[in-house]
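The values are calculated or read from the model by the stated rules, or taken from the named source; none is laboratory data. All figures in this text were calculated on a predicted structure; none of them were measured in a lab. Cβ sites come from the backbone with ideal geometry, for glycine too, and all protein chains shown count toward neighbours. What goes into the accessible areas is simple: the full protein's heavy atoms, side chains included, and nothing from ligands, DNA or RNA. Shrake-Rupley method; radii C 1.70, N 1.55, O 1.52, S 1.80 Å.
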Amino acid sequence: MTAKERIDQLRKELHRHNYNYYVLNQPEISDKTFDDLMHELMALEEANPVYKDESSPSMRVGSDISKEFTQVAHKYPMLSLSNTYSEAEVTDFYDRVKRALNDEPFEICCELKYDGTSISLTYENGRLVRAVTRGDGEKGDDVTTNVKTIRTIPLVLHGDNYPEVFEIRGEILLPWTVFDELNKEREAREEPLFANPRNAAAGTLKLQNSSIVASRRLDAYLYYLLGDNLPSDGHYENLEEAAKWGFKISDAMRKCSNLEEVFQFINYWDVERRNLPVATDGIVLKVNSLRQQRHLGFTAKSPRWAIAYKFQAEQAVTRLNTVSFQVGRIGTITPVANLDPVQLSGTIVKRASLHNADIIESLDLHLGDMVNVEKGGEIIPKITGVDLSARADNIGEKVKFITHCPECGTKLVRFEGEAAFYCPNESSCPPQIKGRIEHFISRRAMNIDGLGPETVDLFYQTGLIHDAADLYALKAEDIIKQERFKQKLTDKIIKSINDSKDVPFERVLYALGIRFVGETVAKKLAKSIKNIDALEQAGYDTLVNIDEIGARIAQSIISFFAEESNRSIIERLKAAGVQLSLSETEEQETTTKLEGKSIVISGVFSHHSRDEYKDIIERNGGKNVGSISAKTSFILAGENMGPAKLEKAHKLGITIMNEEEFLNLIS
Ligand code: IVH
């Protein structure tokens, strides 16, 4: 068998096993055998780059190359559904449809309303060619690379009766179990938690690094086919066909021929949905016949042939005992209601978020009030109302937002346009100091092992550390004097602090905890400014000229260096040997030769792989973009560049550069 034949065979088998495992839930082979087949395929593909194929099952593994998203116009706008909340409104919808169809018989397809993030997939000749987010409904982000990592989305279709070109829309979801795990990890790293699986799924889809996307185990249900040559006039029947092509279609679908059946479906799933692995927030009702759908048409915002019925959020009533105010790492004050414990959606709730001062004021809360607690799609329950009739004669004290920091007594401030209050005492408010140290040592920053929030608190209380730089002055004998610290743990801490001196500059920059400087921004800054002194000297104009650095980040960097205490930390970190500039190898690797250039890569290459070229472009300050537009600076073309791309490039007058010319340009 030739390499090409084996590659084709492996691809076919792996597509089938993926489908068996992820869509049907009926694997035929062990995970180990699957992995072995995948490794064999990947090795063959690497050895034979001419056979690279965007639809290969190996493309699901994701790449760690950053890519930005190109905006793509939707062929058919992505509209929303109008919402209803009561049986009466559902009846109104049914009657409206009946009248508009002049009493012609019709069927309603009832489906679950999945609470994730919507996606539009385009297939051409049975292959996934594009995945686009809803965006503003007219155009969305091309997230194809990320979507390819979702195992329940077929890259190549089964059967042969699918239309040559069609779109299928659905919902990308993060299962509850993955959501819980993800938030646990984020909590441990002190990163903000995702409020619900919907936000987590949407956030995941927009990650630049598709190998992280692959690790998040997203799922997808498809519920809407669009195109010219669909197999049937029935929406339900079309989805049945789509299931045969390999799509994951919900089992919870029912064709109803009267209102009674519709209500049966609603009432059944209102309870049963709690046992589903993914979040749902209602039922969608759709007129089944496409002909009738066309007759009913659309309003500007939504179809007249469909509506959503939203489930009521679960509520409970309980007593408000006290309100506490927490101070976060960057000084944000969060009000929290402490409640009499109450059962809600399967968990016992004792605390609820009160969000901000305006919400407390609008609720007119008093201590001792009986309040409504609600758990919608959010994990943190919220207070949505007060039962005024339950207020006793001796009404409790009115809940007032604090004016001074509960930890350090500093007067709180509120920035224009923001709902939250902050404690501005960055340099000496204890939770802020400790929070910054905890961020500094966290895994993705300096990765200092053996220290956690409790140790940081202890070392801070006993005066061993006041800021991150003090860590490097810690001596084993100081640590071992503390209760509970044996030799082994002490050695581990000291070693780990020492090891952190090798952490590259970009992560040190992130570790400093400059507001708005997350990992991605830190990377960009490190690449273009190269060392901490230059960053301190950089003025506003220099900063905002860096790709992706806007006014808000630039201002924050300037304010950070304006603080004497921050400059002192940096000087001491420098003296301790922490990496405050790019290493020689990192520096050699980066240039600005391609700065401001948008480059499309196309074809098959011989000197480097396509991914290596993407990396080279980035390291030289350029941007790799997915599709050719008037903004494209040039095309890096290998062998066999597609004819459509070639034609577009000629039409727009874009330079086409071969490998040698490109390598010359950056050498
Ligand atoms: S049909 C023209 N079916 O709800 C409307 N949407 O508010 C086409 N959704 O953007 C959408 N489950 O993200 C449809 N079974 C389902 C759905 C569903 C969830 C979402 C979808 C849409 C939003 C509409």
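From the square roots a ≥ b ≥ c of the eigenvalues of the alpha-carbon gyration tensor of segment 87-231, which class results: rounded (a/c under 1.5), prolate (a/b over b/c), or oblate? It is oblate, given that a/c is not under 1.5 and a/b is not larger than b/c. Compactness check for the chain: Cα Rg over 2.2 N^0.38 Å is 1.11.
Our summary gives segment 63-164 a relative contact order of 31 percent, counting only alpha carbon pairs under 8 angstrom and 6 or more residues apart. When only alpha carbons are used to place a centre, segment 69-83 and segment 646-665 end up 32 Å from one another. The largest-to-smallest principal axis extents of the Cα set in segment 246-314 are 37, 32, 25 Å. With Cα atoms defining each centre, segment 191-233 and segment 326-386 are spaced 30 Å apart in the structure.
Looking at the square roots a ≥ b ≥ c of the eigenvalues of the Cα gyration tensor of segment 113-194, which shape do they give, rounded for a/c under 1.5, prolate if a/b is larger than b/c, or oblate?
Taking the square roots of the gyration eigenvalues as a ≥ b ≥ c, segment 113-194 is prolate.
Taking a point 7 Å from the Cα of residue 661 along the Cα-to-Cβ direction, the residues of segment 622-641 with backbone N closer than 12 Å to it are 634-638. Expressed in units of 2.2 N^0.38 Å, where N is the residue count, the Cα radius of gyration of segment 271-424 is 1.41.
For segment 426-535, what is the relative contact order in percent, using Cα pairs closer than 8 Å and at least 6 residues apart in sequence?
Relative contact order, segment 426-535: 27 percent.
Of the cross-linked pairs 148/523; 501/631; 375/398, those separated by over 32 Å at the C-alpha level are 501/631. Distances between placed amide hydrogens fall under 5 Å for residue 634 paired with 598, 600, all partners being 5 or more residues away or on another chain. With all pairs of separate Cα atoms included, segment 294-341 yields a Kirkwood hydrodynamic radius of 15.7 Å. Taking the chain, the Cys residues with no second Cys beta-carbon under 4.7 angstrom are 109, 110, 256.
How much of the calculated P(r) for segment 345-485 lies past 20 Å, in percent of all Cα pairs? Value for segment 345-485: 65 percent of Cα pairs lie more than 20 Å apart.
Rounded to a whole number, what is D in µm²/s for segment 543-616 from Stokes-Einstein with the Kirkwood radius over alpha-carbon pairs (20 °C, 1.002 mPa s)? Translational diffusion coefficient: 132 µm²/s. Just the protein heavy atoms count here, and of the accessible area of segment 587-667 at 1.4 Å, carbon and sulfur take up 47 percent. Which of the trypsin sites (Lys or Arg not before Pro) found in segment 455-528 are loop residues per DSSP with 10 or fewer other Cβ atoms within 10 Å of their Cβ? Answer by residue number: 484, 486.
Under 1.5 on a/c is rounded, so check that first for segment 367-406, then, if it is not, pick prolate when a/b is larger than b/c and oblate when it is not; a ≥ b ≥ c are the square roots of the alpha carbon gyration tensor eigenvalues. Kindly include the intermediate steps, with their values, before the conclusion.
Numbers: a/c = 3.80, a/b = 1.11, b/c = 3.43.
In terms of gyration-tensor shape, oblate.
Charges were assigned to the Cβ only: +1 to each Lys and Arg, -1 to each Asp and Glu. The resulting dipole of the chain about its Cα centre is roughly 340 debye.
Rg to Rh for segment 534-667: what is it, with Cα atoms only and Rh by Kirkwood? Rounded to two decimals, Rg/Rh equals 1.12. Distances between every pair of Cα atoms in segment 156-224, grouped in 5 Å steps from 0 to the bin holding the largest one, split as 3, 14, 21, 22, 13, 9, 8, 5, 3, 1, 0 percent. Taking all Cα pairs closer than 8 Å and separated by 6 or more residues, the relative contact order of the chain comes to 10 percent.
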